[in-house]
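The values are calculated or read from the model by the stated rules, or taken from the named source; none is laboratory data. Quick caveat, the model's predicted, so the values are computed rather than measured. A quick note on method: Cβ atoms are made from the backbone with ideal geometry, for glycine too, and the neighbour counts reach across all protein chains shown. Quick note on the areas: whole protein, heavy atoms, side chains included, nothing else; ligands and nucleic acids left out. Shrake-Rupley method; radii C 1.70, N 1.55, O 1.52, S 1.80 Å.
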Amino acid sequence: MQTPAPFQYERATSVDGAIAALVAHDGDARIIAGGHSLIPMMKLRLASPEHLIDINDLEHELAYIAERDGEIRIGALTRHVDLLGSDLLARHYPLFADAEEVIADPVVRNRGTIGGSLCQADAAEDLSAVCAAVKARVVIRGRDGERTVSMEDFHVGPYQTAVGDDEILTEVRLPLRSGAGSAHFKTERRAGDWAIAAASAAVWIEGGTIADAGVALSAVGTTTIHLARAEELLRGAAPSDELFAQAAQIASEDCSPSADARGPVDYKRHLASVMTRRALRRASARALAMEA
Amino acid sequence: MQVTLTINGREVSRDVEPRQLLVHFIRDTPGLTGTHWGCDTSNCGACVVLMDGTPIKSCTTLAAMCVGHEIATVESLEVDGELDPIQQGFHEMHALHCGFCTPGMLMTTRALLNENPRPTDQEIRTAISGAICRCTGYQNIVAAVRWAAEHEAAFQQEI
């Protein structure tokens, strides 16, 4: 039987209350939402917090997908099932639905949340790459107020984020810019598995030129891979298959996969390249309002 | 901690450790052993129950997290000796062999039909993609869900 080590459990009644509890426990407490990353980690003793602070009652504060001030704002407690079904996201950032269709399975998606996925910061997790590609910013709240950080600054290391012991991720903000197109491609061994490799791409096309681009990879390194070199190549260029092939070449060079049961290194580099090319091609086609 | 859950419409209360998983609370306290404890890693779906009508994996949910919510297990399907159409469908179409996955399959597909009374085969397959049957009986499971959907539609027309 797999059971977590003993801990104390409490339910938060507000975000500020959850932060106060984190502060009071001084580094020994963890936030639990869907629990589909944390509970398995606790069963395996990879995490043994002494206190769990359950934020599932905070849907009124933390579960929403809304358009405001030129951004899409997603509350941290928004569940995968709601990201998958969101018309607002489908219209502006269809890569969310691409990814959500292949994240775990529908029953897990009923519980897991975007905040939990991002804070788990598992390199194989899809939403971290999705948020990196669309240049999301995340809002982190602590007792002294809020700060907003980019995904580059959010990802600190394997399973490590910029969220401090006494802070909570409250919101994900996606910029709304014209000419956006985006896509996520993933290869997995079987339905619901972690990726062997996955790529997220976003392009913003203005007047036939890529004004800006975001590309990120899952599962081919110890952290989510931000492909800065590919983004630089794409910026200012006209979208073309040759260009995307060059960006895909960078993906295979700039990732750092390990050999494991999911495949050897050369295969994963190859997949990173293929997934990147496909994601860019579809993102570009969507930006040009033509489904690939 | 004292945990009081509403399971199949009945309040069940017990002093448990906060780390007790929902699947064990359900099986131990009211003795409802229909909910199966399978892979323990949220992969197999044998432990699926409904929380406020939504299917969840009870091996990856703490019992304490379910206080204030309605839990429904496979035992809630049959009422006064009448099988739920989804149970009848599994019977008619021979959709089980060893039966280990069946409680999770039934609750997962019951929830599907509540949301979507006429699912396509693809929608059925997607819905059960988090439920593993190692007797390789998916074909008959899909047929059973289709049977239930068709018979529920016919029943709705009668009334």
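The table below lists the values:
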{"quantity": "Two-site label geometry, residue A:23 and residue A:176: point separation in nm, points 7 Å out along Cα→Cβ", "calculated": "3.5"}
{"quantity": "Total accessible area lost when A and B pair, probe 1.4 Å, Å² to nearest 100", "calculated": "2200"}
{"quantity": "Neighbourhood charge, 12 Å Cβ-Cβ cut-off, centred on residue B:110 and excluding it, Lys, Arg +1 and Asp, Glu -1", "calculated": "-4"}
{"quantity": "0 to 90° range, to nearest 10: angle between helix B:138-158 axis and chain B longest Cα axis", "calculated": "80"}
{"quantity": "Candidates A:95, A:217, A:176, ranked by Gaussian network fluctuation over chain A, Cα under 10 Å, top entry", "calculated": "A:176"}
{"quantity": "Relative contact order of region A:180-287, pairs being alpha-carbon contacts under 8 Å that are 6 or more residues apart, as %", "calculated": "34"}
{"quantity": "Size-normalised alpha-carbon gyration radius of region B:2-76, reference 2.2 N^0.38 Å", "calculated": "0.95"}
{"quantity": "Centroid-to-centroid separation of region B:41-60 and region A:112-155 [C-alpha atoms, Å]", "calculated": "27"}
{"quantity": "Nitroxide proxy distance, nm - points 7 Å out along Cα→Cβ at residue B:126 and residue B:151", "calculated": "2.6"}
{"quantity": "Dipole magnitude of the protein assembly as shown about its Cα centre (Cβ charges: Lys, Arg +1; Asp, Glu -1), debye to nearest 20", "calculated": "1120"}
{"quantity": "Residue (of B:114, B:47, B:87) at the positive-pole extreme of chain B, dipole from beta-carbon charges", "calculated": "B:47"}
{"quantity": "Spatially proximal lysines relative to residue A:43 (Cα-Cα < 27 Å; intrachain offsets below 8 disregarded)", "calculated": "B:57"}
{"quantity": "Unit charges on C-beta of K, R, D, E only; dipole of region A:8-53, Debye", "calculated": "280"}
{"quantity": "FRET efficiency, 1/(1 + (r/R0)^6) with R0 51 Å, evaluated for residue B:2 and residue A:150 via beta carbons", "calculated": "0.70"}
{"quantity": "4 °C / 1.567 mPa s Stokes-Einstein diffusion coefficient of chain B, Kirkwood radius on C-alpha pairs, µm²/s", "calculated": "82"}
{"quantity": "Trypsin sites (Lys or Arg not before Pro) restricted to region B:61-136 and DSSP loop, no more than 11 other C-beta within 10 Å", "calculated": "B:134"}
{"quantity": "For region A:1-111, the Rg and Dmax computed from alpha carbons only, in angstrom", "calculated": "16.0, 49"}
{"quantity": "Crossing angle, helix A:241-254 versus chain A [Cα axis fit, 0-90 degrees, rounded to tens]", "calculated": "40"}
{"quantity": "Residues of region A:119-159 with amide N under 14 Å of the 7 Å Cα→Cβ point at residue A:44", "calculated": "A:120-125, A:159"}
{"quantity": "Globularity index of the protein assembly as shown, i.e. its alpha-carbon radius of gyration over 2.2 N^0.38 Å", "calculated": "1.01"}
